[in-house]
Amino acid sequence: MNTNKRQEGFSLIELLIVVAIIGIIAAIAIPNLLASKRAANEGSAVASIRTLTSAEATYQATTGAGAYGSLAGLNSAGLVDSALSNSATTPKSGYKFVATPDATTPNSQYLATASTATATGLAATGTRNFASDATGMITYAAASTTAMTANNGTAIGN
């Protein structure tokens, strides 16, 4: 009679070593993943600001009869989609967008801004806010809890 029992499987030590290795790999990968997500959000925000700049020019030349429009006006004219026009309440790719024509008659200027939905911490959706005006130049400034109030940041590379 054979009294030796055959043992199969992994020991507790082997399992702990595997879990520790997975933990180390995750600790290295997660910050890079979050940084990549922030960079993607910023790229999307710049593209959306470019869309707003084009939409404002089109609106001024057609529907606006020389005046610029708000996000709601641009949406009703079919120049921007509802995801962009509703981004003040539901952020689009981590950014809130606002397009505001000035109060002069006719509205000869506008300011389009993209501000991060969450500016700090691990859940930060971006590190920069963006703006554009009637000159068509897109600028950025460090993300904060408030949106840019003028197109006076650093110009982005085209």
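The values are calculated or read from the model by the stated rules, or taken from the named source; none is laboratory data. Worth saying up front: this structure is predicted, and the values here are computed from it rather than measured. Please note: Cβ atoms are built from the backbone with ideal geometry, for glycine as well, and neighbour counts cover all protein chains shown.
A few remarks follow.
- Test: residue in region 39-62 that is at negative phi and at pLDDT below 90: no
- Residue in region 10-27 that is exposed (fewer than 13 other Cβ atoms within 10 Å of the Cβ) and assigned to a loop (DSSP other than H, G, I, E, B) present: yes
- Top-ranked residue of region 35-71 - restricted to ones that are of a type in the set (Gly, Ala, Ser) and touching a strand residue (DSSP E or B) at 6+ places or on another chain (Cβ under 9 Å), ranked as surrounded by the most Cβ atoms within 10 Å (Cβ to Cβ): Ala45
- Among the residues of this structure, Leu12 counts as one that is more than 15 Å from Thr100 (Cα to Cα) and either at pLDDT below 95 or not hydrophobic (A, V, I, L, M, F, W, C) (or both).
- Filtered residues of region 88-135 (kept if of a type in the set (Val, Ile, Thr) and more than 20 Å from Ser54 (Cβ to Cβ)): Thr89, Thr90, Thr104, Thr105, Thr116, Thr118, Thr120, Thr125, Thr127
- Of the listed requirements (1) at pLDDT 90 or above; (2) surrounded by 13 or more Cβ atoms within 10 Å (Cβ to Cβ), Asp102 misses just one: (1).
- Taking region 77-118 as the range and being closer than 16 Å to Gly64 by Cβ, without any contact (Cβ under 8 Å) to a residue 40 or more places away in the chain and in contact with a helix residue (DSSP H, G or I) (Cβ under 9 Å, 6 or more places away or on another chain) as the test, the residues that pass are Ala77, Leu79, Val80, Ser85, Thr100, Pro101.
- Among (1) in a helix (DSSP H, G or I); (2) surrounded by 10 or more Cβ atoms within 10 Å (Cβ to Cβ), the one test that Val80 misses: (1)
- Subset of region 100-128 (residues that are hydrophobic (A, V, I, L, M, F, W, C), assigned to a loop (DSSP other than H, G, I, E, B) and touching a Ser or Thr at 6+ places or on another chain (Cβ under 6 Å)): Ala117, Ala119, Ala124
- Scanning region 57-74 for residues that are among the small types (Gly, Ala, Ser) and within 15 Å of Val98 (Cβ to Cβ) returns Gly69, Ser70, Ala72, Gly73.
- Residues of region 129-158 satisfying the condition of being exposed (fewer than 12 other Cβ atoms within 10 Å of the Cβ) and in a loop (DSSP other than H, G, I, E, B): Thr135, Thr145, Thr146, Thr149, Ala150, Asn152, Gly157, Asn158
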